[in-house]
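Here the structure is laid out as structure tokens; the discussion comes afterwards.
Every read-out reported here was derived from the displayed coordinates using simple, explicitly stated rules and does not represent laboratory data. Nothing here was measured: the structure is a model prediction, and the numbers come from that model. Quick reminder, even Gly has a Cβ in these numbers, built from the backbone with ideal geometry, and neighbours come from all protein chains shown.
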Amino acid sequence: MTGRGGRGAVGICAALALAGLVAAPPSLAQTAEPRAAGPVSSPVLTLNQERLYRESLFGRRVQQELEAAAQALTAENHQIEAELLAEEEQLTRQREAMDPAEFRALAEAFDRKVEEIRRRQDRKQQELKARAEAERKRFFEAAYPVLLRLVADLGAVAILDSRAVVLALSRVDITDAAIRQVNAVIGDGAAPAEGSAGPADGATPGQDAGGAAPAE
């Protein structure tokens, strides 16, 4: 995905990465992390994007809503299945007393009904998946300027996905700080009630601190 509207989870770190890490030799993997008297000052920070989304207020709200919708859809499917089974059994009992041509017409109509219901329920399932993807995309578009400000405040120039880093000090990981900051700025991302105030301080999700859209 490209452009302002297409920035997803993977694009966040790539867009912010102005510097790279060189893979450490295998022998360094067993080296204990050195102790430091204070916070590490580093131009490169790490962030677990998956945890940022999953543990944010926004991500937790989305997960709860999707789970509730999925449970409701499952219950609906079970109810429909029970109704179709009852209808099929009734049609089978009527078969002996019906003209074969008449029964065949009713059976074919029943089959068409089942197929239409299956397509309708499949569409609902796909809509849930699309909703999950859209909410995730919306989260990272809103989180992007928050991460930019956090990088600037810490005097860094890049954020790398911690899951792709071979070796790094744990003190350069800003996931916890990012979660707190994102929660403070965008909250759970739920649509505001009618007549309520918009984002504080005129903040607009999807724009950086300078008001510009995220670069490709």
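Among residues other than L91 with Cβ under 12 Å from its Cβ, the summed charge is -3 (Lys and Arg +1, Asp and Glu -1).
Can you give me the distance in nm between label points at D188 and D153, each placed 7 Å from the Cα along the Cα-to-Cβ direction? Simple spin-label model gives 2.3 nm for this pair.
Taken along the Cα-to-beta-carbon direction at a fixed 7 Å, the label points for D176 and R120 span 5.1 nm.
With a cut-off of 13 Å between beta carbons, the residues surrounding E55 carry a summed charge of +2, where Lys and Arg count +1 and Asp and Glu -1. A Förster radius of 25 Å, combined with the Cβ-Cβ distance separating N77 from M98, puts the computed FRET efficiency at roughly 0.25. If R0 is taken as 22 Å, the Cβ-Cβ distance between L57 and L128 corresponds to a FRET efficiency of 0.60.
Within the shell of other residues whose beta carbon sits under 13 angstrom from the beta carbon of T74, the net charge comes to -2, with Lys and Arg scored +1 and Asp and Glu -1.
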